[in-house]
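Report on one structure; see the data block that follows.
The values are calculated or read from the model by the stated rules, or taken from the named source; none is laboratory data. Bear in mind the structure is a predicted one, so any value in this text is a computation, not a measurement. Here the Cβ positions follow ideal geometry from the backbone for every residue, glycine too, while neighbour counts run over all protein chains shown.
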């Protein structure tokens, strides 16, 4: 398998998997999750079975003498809103990895080797999945604060993104990354062809009197090279959670200030995940009719595209109305920059019948490309999902 | 500017399309492309051409190495009017300016034709048998996408070699040999860029020539090689037959610069002028070679092979070096030769390359290599030859074939050898078969076949081979050799002995592997296999059938000699057993160590053609000699001695006893004990005596006789001396005397075999 990025169709929500194929090892990085119970199985053709696909993508290993336990090397939470964390409680294992039991595997609970999160996990959760996530993060943080001998075991590892003044996180700088950092070590393994440039959140945002949860989303650039010795990046993908135009303004200014736009190509992108599910908040404050002009910094950020770049809106179908998100006027702004054919929507771009399909990009030396078109065959059989099987046949 | 399209030169197809499959596919193509009508052109009298525009998914950062591949590519599908869909379509680029010289996976273009896409590894026709025309469209689009993204090559770190098609004949040589020659610049003369070589033409007279590299000729052996060449020509002329070998002198040509080239140059030359142009594109000078050939009067045949070496920037996929060979032969007549070169533009043809088969390649292709480190095959009959041939084909080396029989016409019915070996010694013919399979000079190391019996090996005639022997396979089906083999043999303690036979009228294949230091031995394994009648219906049924057919003879033919024409046995049955044996032997040869003996059974039910296999592990036997006569050896199945001791312990302080089940071999003076029967209920015992009763005993022995097909039965008596003595008592001696008198009345008398078990000793007596 070549390295790839997969954007799942989860309506207004985010879930992506970055898979890095290096040597004989594939590192999987899950960015946010949005697993609806109603999407499992084949009962609702309008929903893609995200969990089933995730289980097929993730690798499996023996844990506590239990074979075939699914695991992700890394889970990055951009922020704790429900649409970025839906299904965490039911689908991911939480607790001491030494206590993973057969019943957890029977429930397809996924082990997270390394948890990446911002200091926001120490704050108040606003939904049940976030409560569980924060609890798990705090469990791992405590191991690291206690310098517990198990702290570096898979299932206990952490990376904190950003720095605030929280004393409970003091003394954890060894497992902390801040804006401007380039990460090359993932789940206790150094990678030579992949890195992550951390853009956000900045300390001043995290220490605001009233912290805006979207504004402090983890923003990062995923960077691929064809080989360890290559000087150029062959794929650059920007992930920004629900970061708004003010967050992007700071990102743009700080990156340029420290010349990371040129030294690190940290603002350049081939793939840009439209923040907040193609919301107008990327371009300006809402409502759009009161703030109809995109701010210059957001537009400038889009001008860092290279070649035939693509914008991916992880949202519902974008209709020409005033809904937000997704917002039609926001889409128009993106389309102005990349052309209509390069603006992709997880709800509509790839469909199999009524079921939306993930948008996948394979990493090639010439940039990220969608996979080859699949060939058919001269032979075929009807699958259990074939539409006519669910319909009454009538004959005259 | 007008587009440069090849199809613009093609005329519309005016004929009728009678081929229904073709009509359907054209309809499907029309639907798939969303066109109201598709253009049908005439490619040649047998093919139509369909020009299509395909949308190509181009990479976002531009095409690989700025190749001129476009978002919309023009291609031509070429379909056979009569043979479609059995013959798959070919697809050519329609663009005359397609960047063909920069791309792998394009076939060499025929003159003035655009190159065809190499769109599948292997056979187009096989692939297309499972596909529709729309799948081919998708595949071509993906081909173009991959070319644009620079991922056409399966391994980006290696160089994808040229795709050849439309070649004329083949040339066989070892790539590594020629690549080494190029890298070492071993030219015929100092500072030149070509080497002289002797090629054998292996093609039939009516076919295009196909060459096999015989040897590279250096100036040192030029005279000798040329004499050989002349001798072969003379022989050819004298015999006026092409059954003798035809040798051609040929050349290997390379560039004396270190420049490397990545262009593909898919327009291969068809004449000498084009050849020179082709070579110059890769900095390969042709003038010295042309002058040498023109001035060299030794060429008897018109065809002269020239293997041309192109230096590539990376190692070639599937090869060990960065040298790519393109193989040509020229047709040169005397009148084409001038003083310094050729005066006419002579024809040039290109050839496909084949690697010679080597044992290592055979191992690689087999995927299940077997290393014996010295193996002797005794008996090269039907079964032996087939098993041996499996190993030869697997690339096994260090094999010795022994058989003193010659191949008779009727042997061909079920022998691995073919009619050309008729009259030849079977072992020697097998060796020759191996040698002709691996003609790269390694055959001599791989196999040896001698017209000798296995006894010659055991008697020390082949001491050097015996010293390095690790395996001995007996496929003789010979009782005589079996008896020889079980006798104590010198210098075979390190050898694992294996015997394979077919029994039960061809239904049963039996493969025996001796244990470490020959315990269990093959005779042990055979007896213990019979003793398994108790646990296995497979064995019991077989033994009963054999007994019925043996007319109450106690001698069971375990192993049908297949060399007799009176034996009715089909070749496929023998092959089935041989294939199983080969697989089992390979598995055994892969083991790093072993202790126990092993038995493998392969039963074919000729009724419903079910095949059943069975595997038994046999631990070493207790081996002892008779106290009174050390020429007798007693071999007792593991567990029997423990059973006697246990019974002795249970019934202490009284003595106890019973009888043994087993068999005796007077030739080897061996008694095998496979089981015991405890004291019948009417037995009597005290601290000093045991009186073995008879209640139920004859019936029990009769059951053993019947169920084992008379292979096993009563073989002797045992009793305990829980408090000693460690010797026979007077009562024991009297019993022996009484038994001896009775046994001697039989036509084949049993020896009187008496065993005494004591807390410290096992005392066996044979009279």
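Here are some notes:
- Residue in segment A:96-103 that is within 19 Å of residue A:74 (Cα to Cα) and touching a strand residue (DSSP E or B) at 6+ places or on another chain (Cβ under 8 Å) present: yes
- Residue within segment B:74-97 that is over 22 Å from residue B:30 (Cα atoms) and away from chain A (no Cβ under 11 Å) present: yes
- Within segment B:309-343, the set of residues being touching a residue at least 60 places away in the same chain (Cβ under 8 Å) and in a loop (DSSP other than H, G, I, E, B) comprises B:312, B:313, B:314, B:315, B:317, B:318, B:319, B:320, B:321, B:322.
- Candidates B:655, B:647, filtered to the one that is more than 16 Å from residue B:528 (Cβ to Cβ), part of a helix (DSSP H, G or I) and either in contact with a strand residue (DSSP E or B) (Cβ under 8 Å, 6 or more places away or on another chain) or not assigned by TED's automatic domain parsing to the domain that holds residue B:749 (or both): B:647
- Qualifying residue in segment A:327-338 (condition: in contact with a helix residue (DSSP H, G or I) (Cβ under 6 Å, 6 or more places away or on another chain), within 14 Å of another protein chain (Cβ to nearest Cβ), without any contact (Cβ under 8 Å) to a residue 60 or more places away in the chain and assigned to a loop (DSSP other than H, G, I, E, B)): no
- Qualifying residue in segment A:135-148 (condition: in contact with a helix residue (DSSP H, G or I) (Cβ under 6 Å, 6 or more places away or on another chain), part of a loop (DSSP other than H, G, I, E, B), farther than 30 Å from residue A:225 by Cα and at pLDDT 95 or above): no
- Entry remark, segment B:230-254: residues being at pLDDT 80 or above and touching a strand residue (DSSP E or B) at 6+ places or on another chain (Cβ under 6 Å) number 8 in total.
- Residue ID - nearest to the chain's Cα centre (by Cα), chosen from residues in segment B:621-637 that are without any contact (Cβ under 8 Å) to a residue 60 or more places away in the chain and more than 17 Å from residue B:715 (Cα to Cα): B:631
- Residue match in segment B:170-181 (condition: in a loop (DSSP other than H, G, I, E, B) and either under 25 Å from residue B:312 (Cβ atoms) or within 14 Å of chain A (Cβ to nearest Cβ) (or both)): yes
- Single condition residue B:135 does not satisfy, out of (1) in contact (Cβ under 8 Å) with a residue 40 or more places away in the chain; (2) touching a helix residue (DSSP H, G or I) at 6+ places or on another chain (Cβ under 9 Å); (3) assigned by TED's automatic domain parsing to the domain that holds residue B:95: (1)
- Only residues that are more than 18 Å from residue A:98 (Cα to Cα) and within 19 Å of the chain's Cα centre (by Cα) were counted across segment A:133-147, and they come to 2.
Per-residue answers, yes or no, for (1) buried (at least 24 other Cβ atoms within 10 Å of the Cβ); (2) more than 22 Å from residue B:567 (Cβ to Cβ):
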residue	(1), (2)
B:473	yes, no
B:483	no, no
B:494	no, yes
B:512	yes, no
B:516	no, yes
B:520	yes, yes
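- The one condition from (1) buried (at least 24 other Cβ atoms within 10 Å of the Cβ); (2) touching a residue at least 60 places away in the same chain (Cβ under 8 Å) that residue A:115 does not meet is (2).
- Wholly enclosed helices (runs of 4 or more DSSP H) of segment A:179-267 bearing at least 2 residues at pLDDT below 95 and surrounded by fewer than 20 Cβ atoms within 10 Å (Cβ to Cβ): A:203-206
- Residues in segment B:218-236 that are over 14 Å from residue B:248 (Cβ atoms) and either more than 38 Å from the chain's Cα centre (by Cα) or buried (at least 16 other Cβ atoms within 10 Å of the Cβ) (or both): B:219, B:220, B:223, B:234.
Condition check ((1) away from chain B (no Cβ under 14 Å); (2) buried (at least 21 other Cβ atoms within 10 Å of the Cβ)) across all residues:
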| position | (1), (2) |
| --- | --- |
| A:299 | yes, no |
| A:305 | no, yes |
| A:310 | no, yes |
| A:319 | yes, no |
| A:322 | yes, no |
| A:325 | yes, yes |
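- Screening the candidates A:362, A:341 for the property of being part of a strand (DSSP E or B) and within 12 Å of chain B (Cβ to nearest Cβ) yields one hit, A:362.
- Taken as a whole, the structure places residue B:45 among residues that are at negative phi, away from chain A (no Cβ under 14 Å) and either under 46 Å from the mean Cα position of the chain (by Cα) or free of Cβ contacts under 8 Å to residues at least 24 places away in the same chain (or both).
- Taking the criterion of being within 39 Å of the chain's Cα centre (by Cα) and not in a loop (DSSP other than H, G, I, E, B), the residues of segment B:283-305 that qualify are B:303, B:304, B:305.
Yes/no per residue for (1) touching a strand residue (DSSP E or B) at 6+ places or on another chain (Cβ under 8 Å); (2) farther than 21 Å from residue B:74 by Cβ; (3) within 11 Å of chain A (Cβ to nearest Cβ); (4) in contact (Cβ under 8 Å) with a residue 60 or more places away in the chain:
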residue: B:122; (1), (2), (3), (4): no, yes, no, no
residue: B:131; (1), (2), (3), (4): no, yes, yes, no
residue: B:144; (1), (2), (3), (4): yes, no, yes, yes
residue: B:150; (1), (2), (3), (4): yes, yes, yes, yes
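- Selection from segment B:650-692 of residues that are touching a residue at least 60 places away in the same chain (Cβ under 8 Å), closer than 18 Å to residue B:736 by Cα and more than 50 Å from the chain's Cα centre (by Cα): B:655, B:656, B:657, B:658
- Among residues of segment A:231-262 being under 28 Å from residue A:370 (Cα atoms) and free of Cβ contacts under 8 Å to residues at least 24 places away in the same chain, the one that is nearest to the other protein chains (Cβ to nearest Cβ) is A:232.
- Qualifying residue in segment B:301-308 (condition: farther than 20 Å from residue B:199 by Cβ and touching a residue at least 40 places away in the same chain (Cβ under 8 Å)): no
- Within segment B:48-59, considering residues that are free of Cβ contacts under 8 Å to residues at least 40 places away in the same chain and either within 46 Å of the chain's Cα centre (by Cα) or buried (at least 22 other Cβ atoms within 10 Å of the Cβ) (or both), the one farthest from the other protein chains (Cβ to nearest Cβ): B:48
- Unmet criterion (only one of (1) more than 22 Å from residue B:118 (Cβ to Cβ); (2) surrounded by 15 or more Cβ atoms within 10 Å (Cβ to Cβ); (3) touching a strand residue (DSSP E or B) at 6+ places or on another chain (Cβ under 6 Å)) for residue B:91: (1)
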